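Worksheet for the structure shown next.
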Amino acid sequence: MKAWLKRDLRRTELVVAIIVVVLIAFRLALPAILKHEINQRLANIADYDGHVDDVGVHLLHGGYSMHRLVVKKKGARGNEPFVNADDIRFTIAYRDLLHGRFTSDIVITRGVMNFETGASPQAKQNLGSAKTAAGVPKPARPWQDAFKDLFPIKIGHLELIDSRIHYLNKSADPPVNLSIDHLELTANGLRTRPDPQTGPLPATITANGRTIGGGHFHLEIKVEPLVQPPHFTLKLALEQVDLTALNPFLLHSADVDVGRGTLEVYTEINASGGNYQGYVKPMLTNLDFHNRKDEQRPPLQLLWKDIVAAVTRLLRDKQQKQVATVIPFSGKFATGSNIGVGATVRTLFYNGFVQALRRGLESNPAVAKKGG
């Protein structure tokens, strides 16, 4: 009897040891397996090539991490990578399990997204899926499918750390180059429904960063994430941007450039029930249109620049030296926008001849009333 028990115990110990060895071997091999699978899926995105250098597995947190992710446009010479990131961590959000929600957290460190347009379609980089000449989608995997494969659980929390969004228009003359650097973004409650505790807009998105020209970027959104049409409030402030850094954009869009000036933009938008309304408040301070390149300009361009400079001097208030207005707009997501041209012009003259508009958000009562 004792011999039988000893043999049975040894068999049990052997089985357990084999299982442990198999589990350890599987755990050691899992990062390589995941890396191969992820690279296979990235390689199948329409018009793009992608790869990751390394993959880590975090069993206790129920997730994994990708290190040094790079995605490039196929056949586009000279393009920066469309997407690259030093580190992306994907974990299950156990805190949401207590509330009956199966969601995930994604934290991206030093992520970069480069949007580019150029003279040739091959140089274009964006989030759209590839299409044939007839406008029919190609039989390749779009971004949406690849993203769902990499992050199969609905995202409840998203965080960007020291990241960057970059836009380059190579076909413009001169090329337009805009960016938000050192971007810090936090999005919470992306799968949360309204209740008495969270209120009608349970998800929040906040972002801060530095723009081209040394400007400060701040964004705050409150949204009900699981409804259509959209229901949200948005506040955006762009402050202390050196206008000379935007000269390529100004030349491309308005055929003028500046020698000095500061730009600030404030925006509020509220949407509910398929309707939206809001405003944009641009403010230009200490404008000076003269610069060293003026002597190289064609006469007609100089004349146009002098006209623009004269108009801005006329509309500039005498104390703050600023040109500013509030552009109201409203509309329906299904049909489009209506812009308050008359109100825009009246506010422009009010700022120049009556009282300078104050910096900051307007806290427009009509807008505030519409939201949430």
Exercise for review: Read through the list (1) at pLDDT 95 or above; (2) more than 24 Å from Pro174 (Cβ to Cβ), then give the number of the only condition that Val265 fails.
Suggested key: (2)
Point to revise | Qualifying positions in the stretch 110-158 - over 25 Å from Phe90 (Cα atoms) and modelled with pLDDT of 75 or more | key: Glu116, Thr117
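Checking the conditions here, which among Ile212, Ile165 is within 20 Å of Thr267 (Cα to Cα) and open to solvent by 60 Å² or more (accessible area, probe 1.4 Å)?
So the residue among Ile212, Ile165 that is within 20 Å of Thr267 (Cα to Cα) and open to solvent by 60 Å² or more (accessible area, probe 1.4 Å) is Ile165.
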Review point. Got a sec? Which strands (runs of 3 or more DSSP E) wholly within the stretch 297-365 have at least 1 residues that are at pLDDT 85 or above, open to solvent by 40 Å² or more (accessible area, probe 1.4 Å) and hydroxyl-bearing (Ser, Thr, Tyr)?
Key: 327-332
Review point. Can you pull out the residues in the stretch 227-262 that are open to solvent by 30 Å² or more (accessible area, probe 1.4 Å), outside any helix (DSSP H, G or I) and of a type in the set (A, V, I, L, M, F, W, C)?
Key: Val227, Phe232, Leu234, Leu236, Leu238
Point to revise | Filter pass, Leu178 being under 27 Å from Leu219 (Cα atoms), modelled with pLDDT of 90 or more, open to solvent by less than 30 Å² (accessible area, probe 1.4 Å) and not hydroxyl-bearing (Ser, Thr, Tyr) | key: no
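The values are calculated or read from the model by the stated rules, or taken from the named source; none is laboratory data. Since we're looking at a predicted model, the values are computed, not measured. Methodologically, a virtual Cβ is constructed for each residue, glycine included, from the backbone with ideal geometry; neighbour enumeration extends over all protein chains shown. The area values use the complete protein model at the heavy-atom level, side chains included, leaving out ligands, DNA and RNA. Shrake-Rupley method; radii C 1.70, N 1.55, O 1.52, S 1.80 Å.
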